[in-house]
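These notes concern the structure reproduced below.
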Amino acid sequence: MLNEMLPGYEGLVADPYPAYADLRASGAPRLVTMRSGLYGWLVTRYDDARAALADPRLSKDPRHAPADWREAGRGRPLEDRSGLGTHLLTTDPPEHTRLRRVVSGFFTPRRLARLRPGIESAARTLAAGLSPGADLVGDFASPLQSGVICDVLGVPAADRTDFQRWTAAVVSSEPGEPDARPAALRALGAYVSGLAEGKRRAPGDDVISAMIAAADDGDRLGEDELLSMIFLLLVAGYETTVGLVGLGTYTLLRHPSALEQLRARPELIEQAVEELLRHDSPVELATWRFTLEPVEIGGVVLPAGQPLLVALAAANRDPLRFADPDRPDLTRQDNAHLSFGHGPHYCLGALLARLVGRAALAEVVRLPGLALAVPVERLRWRASLTVRGPRELPVTFG
Ligand code: HEM
């Protein structure tokens, strides 16, 4: 049924969970085709999903995809190795290991801990500037996360509006709207080259400067890899974290007792963010893998050369793994959700996303009398398979 409904994905995006429950019940991977023509076998059970994410027989390199799949993915650097497409999400070890080593030093707990006061103060300032009727996505989560990403990467303040627009277009194409992706990709490609050139001349204390130093220091990073990695870091952390804040707020508003609980016990924020991530995975499906040999999943043997998608949002609600999975329980123990993936491709920015998520949601719950300003049915959703979340969240408070 997800298969038939995907062309008009709109209806599923606000609540895909009943469809996932049906798919999980059988356990067998189900072939789905996207509007773009990309297709894959959906893996929905928690145990199968976790195993698939770390299985070395499953490649992330789209050159292992079937020819018609590669044709549909052409020109999309998250699914195609050409252009800006040689990065962490399209490579396997040992290539992946080498690329990851170049950036991982920047995402250590110690280094990120230094960013925490700045993130908290940015969240406080943005929250203080909100007035009733404000949109918590456009007026709060988006500027907060774009500021964080641009600071970490060293993107000048003047370029942030362009960056926000391009990255939004790259990860989400909305049905019924002209496809803004090719133009945004061209603009982002030109921008990334210019940015790298600028950092080469005047390095700063940022990730891009560190990658350039690594690239120029021997041959640890080729020029294509450098530009692709800058592209990946620019796009991977923005809409995803905005999705976490948007979905987290949405869930708290839909479950007033959870909102009250967090207000009364702010010390629960770390656990609460994990539970909100489990309850609604911002990255719903964008976890392509390709079978290098026949692989058995959910009682079915997928032949070599098949594309599959790990449905993180479905796995996180698997009743075989999580008790009462549809209920957000902010004190849940043993919450090994898969929202940041698992295995060698585990999200590089997970700690950063958590810092932003905690700072943002701590401010959101402090807004007194917080409520949605529009009926829930009127909310518009990001309809891309990469990131799920409300496109805007107009609220009243005070
Ligand atoms: C990988 C989710 C924020 C950078 C991933 C993966 C997931 C994910 C599920 C694994 C994909 C796969 O296995 O196919 C999220 C979510 C976020 C978030 C839900 C926010 C709530 C960030 C941030 C950054 C980032 C803030 C960077 C600044 C990356 C990178 C990878 C990745 C570079 C590739 C890692 C690799 O392949 O080794 N993310 N992410 N993400 N994420 Fe995140």
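Read the figures in this text as sums done on the coordinates, not as results from a lab. No experiment lies behind these values; they were computed from the predicted model shown. Don't worry about glycine lacking a Cβ; one is built from the backbone with ideal geometry, like all the others, and counts go over all protein chains shown.
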Output row, site Arg378, 7 Å Cα→C-beta label point, backbone N cut-off 17 Å, window region 122-146, residues 132-138
In whole Å, largest first, the alpha carbons of region 1-145 cover along the principal axes 49, 42, 33
Taking the chain, the whole-percent share of alpha-carbon pairs separated by over 42 angstrom is 8 percent
Computed about the Cα centre, the charge dipole of region 1-157 from +1 Lys/Arg and -1 Asp/Glu charges at the Cβ has a magnitude in debye, to the nearest 20, of 800 debye
Check: C-alpha center region 255-282 vs C-alpha center region 367-394, spacing in Å is 17 Å
With +1 at each Lys and Arg Cβ and -1 at each Asp and Glu Cβ, the charge dipole magnitude of the chain around its Cα centre, to the nearest 20 debye, comes out at 500 debye
Each label sits 7 Å from Cα toward the beta-carbon; between Glu95 and Thr396 the label points are separated, in nm, by 5.5 nm
Here the convex hull volume per residue of region 69-193, taken over Cα atoms and given in Å³, is 144 Å³
In a Gaussian network model of the chain with springs linking alpha carbons closer than 10 Å, the residue among Pro143, Pro77, Pro256 that fluctuates most is Pro256
Projecting the Cα atoms of Ala67, Ser131, His87 onto the charge dipole of region 2-396, where Lys and Arg contribute +1 and Asp and Glu -1 at Cβ, the residue farthest towards the positive end is Ser131
Across Gly85, Gly204, Gly40, the residue with the highest GNM fluctuation in the chain (Cα network, 10 Å cutoff) is Gly204
Relative contact order of region 2-396 (C-alpha contacts under 8 Å, at least 6 apart) in percent is 26 percent
The answer for trypsin sites (Lys or Arg not before Pro) in region 79-165 that fall in a DSSP coil and have at most 10 neighbouring Cβ atoms within 10 Å is Arg114
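Treating only the Cβ atoms of Lys and Arg (+1) and Asp and Glu (-1) as charged, compute the dipole magnitude of region 243-371 about its Cα centre; round to the nearest 20 debye.
Details: 12 positive and 15 negative charges, 61 e Å.
Using only the charged Cβ atoms, the result is roughly 300 debye.
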The distance between the Cα centres of region 221-246 and region 311-361, in whole Å, is 20 Å
Summing -39500 (n - 2.57) over every DSSP H run of at least 4 residues in the chain and dividing by its residue count gives a helix-only mean residue ellipticity at 222 nm, to the nearest 500 deg cm²/dmol, of -14000 deg cm²/dmol
For region 244-360, using Cα atoms only, the Rg and Dmax in Å read 16.2, 53
Rounded to 0.05, the calculated FRET efficiency for the beta carbons of Arg186 and Glu71 at R₀ = 22 Å is 0.65
